[in-house]
Each structure stands twice: as structure tokens, then as C-alpha cells.
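Structure first, then comments.
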Amino acid sequence: MCDLNGPFRLCSCSGDIDYSKPHWILRMNNTNEGEDMMVNIGMMIPSNLIDKIERRKILRRLNTINVFDFEYAPNENDQLELNFEEDDGFKFTFRKGKWVLEEWFGEHPLFEHKDKRKGVIESKNSRLKEVYKQYLEVLEENERDIVDCGWSNYRMSEKSLIDFMERRIRGENVKFPEDYFPL
């Protein structure tokens with residue numbers, strides 16, 4: 001499974017890409033000014049706490065280091081897709097000097113790009129996702145999973161979430177934070 005919560009590298013390939021596995025697509029050097037269109041990007045699914053943490057970490061990584069296995073300096077309106085399989089993943093656009101996540105629905109500029117590169121995503125398992133696997137094993141039937149925060153805007157640090165799950169794994173009585181109210 002592709003784990004973008006930890007370190008990951010976007011590796012270019014000389015052969016065919018298996019689009020049913022984690023892969024990336026980079027579109028560069030736009031040839032038009034972009035036409036604003038109302039488009040859907042992916043399905044409308046509420047983000048869980050791990051998704052929220054992962055998105056923040058991906059953006060931080062994209063905006064601080066070169067994650068590609070080749071020299072690359074992004075240009076305005078370059079677009080990057082990080083897909084877990086087929087079209088299931090994240091889409092980013094480089095705007096005003098930084099990568100931004102395209103939200104699932106809204107006005108998005110559609111660009112024509114001159115160049116395209118693609119490859120596979122290499123990643124290592126993160127501590128967060130390893131602890132989450134263990135946490136799921138100890139949850140009892142009908143016990144609420146803290147990761148599923150529904151449509152709420154609740155946020156928690158990675159460290160606090162790991163601490164909560166590890167305490168539950170050890171069998172400690174844990175309570176949800178007072179301001180945590182999934183819908």
C-alpha cells in the first residue's frame with residue numbers, strides 16, 4: 001500500500017506504468033491561460049484525521065524538497081497527480097510559488113500542457129499508519145474510531161493521534177477530546 005504520510009519519492013520509469021498501483025503524473029509547461037471550469041475531482045468523501053494529516057505532510061514535502069528522481073523546478077500552473085490506483089488520489093497545481101491541493105469540487109482552471117512525465121511512487125510505511133493498523137485490531141464492535149471525524153473540521157496533531165491510539169492499544173480507558181464531535 002502506498003503511504004504518503006512518511007517519506008516518499010516519485011520515480012520516473014522507462015517502461016509502462018501499471019495504473020492500478022501507486023503512480024504519479026506531472027503535467028508541465030502550460031500552453032494556455034487556463035479556462036475556469038466547474039469540475040469534480042474525485043468523489044466527495046469526508047476526510048478522516050489521517051487523510052488530513054497526510055495532506056498537510058504531502059504539501060509540506062512538495063513545497064520544501066524535490067521529491068522527484070530528476071532535477072525539476074516547478075513552473076506556474078504545472079499539475080501533479082499522486083494516485084493510489086487509477087484516478088484515486090490527490091491533484092495539486094503549482095500556483096504563486098507553491099503547490100496547492102485541488103479540492104474535490106469547484107472552479108478549477110483547465111490547462112493544456114506541452115510536456116508530461118509519469119512514474120511510480122516509492123514510499124515507506126509511516127509510524128502513524130502502522131499504529132493505526134494495530135489500533136483497528138483492538139477496537140471492539142460498535143466502538144467509535146477516532147480517525148473517522150466525518151464532515152467536522154476537527155484537527156489533531158499526528159503526535160496526539162498516535163498517543164491516543166497507543167493508549168487504546170495498551171488497554172487504557174481513553175476518552176475523545178471534548179471538542180471532537182463527528183457528524
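Remarks
- Spatially, the stretch 51-70 and the stretch 157-180 are offset by 26 Å when compared through their Cα centroids.
- Contour excess over end-to-end distance, with Cα ends at Phe176 and Arg117 and 0.36 nm allotted per residue: 16.8 nm
- Pairwise label distance in nanometres, Ile65 with Glu130, each label 7 Å out on the Cα-Cβ vector: 1.8 nm
No value in this document is a laboratory result; all are computed from the given coordinates. These numbers come from a predicted model, not from an experiment. Here Cβ is always computed from backbone atoms with ideal geometry, including for glycine, and neighbour counts include all displayed protein chains.
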